[in-house]
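First up is the structure itself, then whatever we jot down about it.
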Amino acid sequence: MFGWTIAGVCLAAALGADTSGNDPTVVERAARLAAELSDPTYARRQRATEKLLTGDPQQMLPEILAVIRTGRPEAAVRANEVLAAWYSRPDLKPAETDNVESAMESLREVAGAVGERARNTWEIHRVPREKRAVERLQALGAKVKLVDPNEVRGIGLDLDADTPLNAVPAIQHISLGRAWKGTDDDLKYIARLSNIQNGAIYRGKTAQVSDAALEALTDRCPHLRVEVRGAFLGVSYSAPPFGGVAACLIGKIEPGSPAEKGGLKRDDIIVKFGDTPVETFMDLIDCLKSTDAGEKVVFTVLRDREEARVTVELGDW
């Protein structure tokens, strides 16, 4: 009983439902619905279930949560079946889908038949759920860097045999910078993604996100790691060929990035950041951490075995 009550309270809090029990209309409606869902007569149970299935999720979700709060397993199992059916409906508005998804996400932590059904439903909807999460993060201002489709086969996706290889977004990293306008709660969309290479989350110095929220995210998802980044350059590292000495060798340059606009090129070896010597890619990252967006930096590079200087105006994550 206690587990059902905790689950109901958590769900209600997440979705803004009234948990005070002071509204007699809600209490009466929930009690009647719970009684019908656990009624000894099969026809009455079915009638109550069908009423919910054909109802408006936006209006009926509080009733589902109230049913779960009653602590009656039969009613809770049926209520979860309704949630699973709603989750599959293609006609839901984005806000409705998000509310149902949040409810289903919380139910996964519940023991017993409800939790098992929720976990199964969650996995069945993995592909559309992760695509929605990426779209939502982008709408909130996060930069979601996807893996080059030509490299997808090399990252070891954990998918069913009948799932297309490119169905689940393969993500190189997610960065939160000045453009991030989400709330701390919106980090839940990052937690819903399964294919972030090395769990890389980059936090720009200007990102409006709390340390506590990021810590809670990594506690919840130990595979994620948050790295603080300074100014944005837009290059990736390439290991020297034939086991050569480690150097800051540019492997790729992001299109439209400060690096591209400033004139850095693939296979350039960065040897100085302003007046600071650079020997490894980590040296470059450390230099960027102490630099702000908008600053102009003269890069000294080795290009075709000759030294060149390139001035780049750094950007923001």
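Since every read-out is calculated from the coordinates, none of them should be taken as a lab result. This structure is a prediction, so every number in the text was calculated from the model and none was measured. Don't worry about glycine lacking a Cβ; one is built from the backbone with ideal geometry, like all the others, and counts go over all protein chains shown.
So the values come out like this:
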read-out	value
For segment 259-267, 3J(HN,Hα) per residue [Karplus equation, 6.51 cos²θ - 1.76 cosθ + 1.60, θ = phi - 60°, Hz, x = Gly/Pro]	4, 5, 5, x, x, 5, 10, 4, 6
Q58 versus R309: modelled label distance in nm, points set 7 Å from Cα along the beta carbon direction	6.1 nm
Taking Y42, Y189, Y87 and counting other C-beta atoms within 10 Å, the order from fewest to most	Y42, Y87, Y189
Other-chain or far-sequence residues with amide H under 5 Å of Y202's (modelled H)	I174, S175, L176, E227
Above-threshold pairs, the threshold being 30 Å between Cα atoms, out of K93/K252; K188/K296; K93/K143; K51/K93	K93/K252; K188/K296
Whole-Hz couplings from phi, Karplus 6.51/-1.76/1.60, listed for segment 209-214; x for Gly and Pro	9, 7, 4, 5, 5, 5
Value of Rg/Rh across segment 235-313 [Cα atoms, Kirkwood radius]	0.93
Gap separating the Cα centres of segment 115-145 and segment 174-194, nearest whole Å	12 Å
Cα centroid of segment 87-110 to Cα centroid of segment 241-316, whole Å	45 Å
Cβ-based exposure ranking for I190, I68, in which fewest neighbours within 10 Å come first	I190, I68
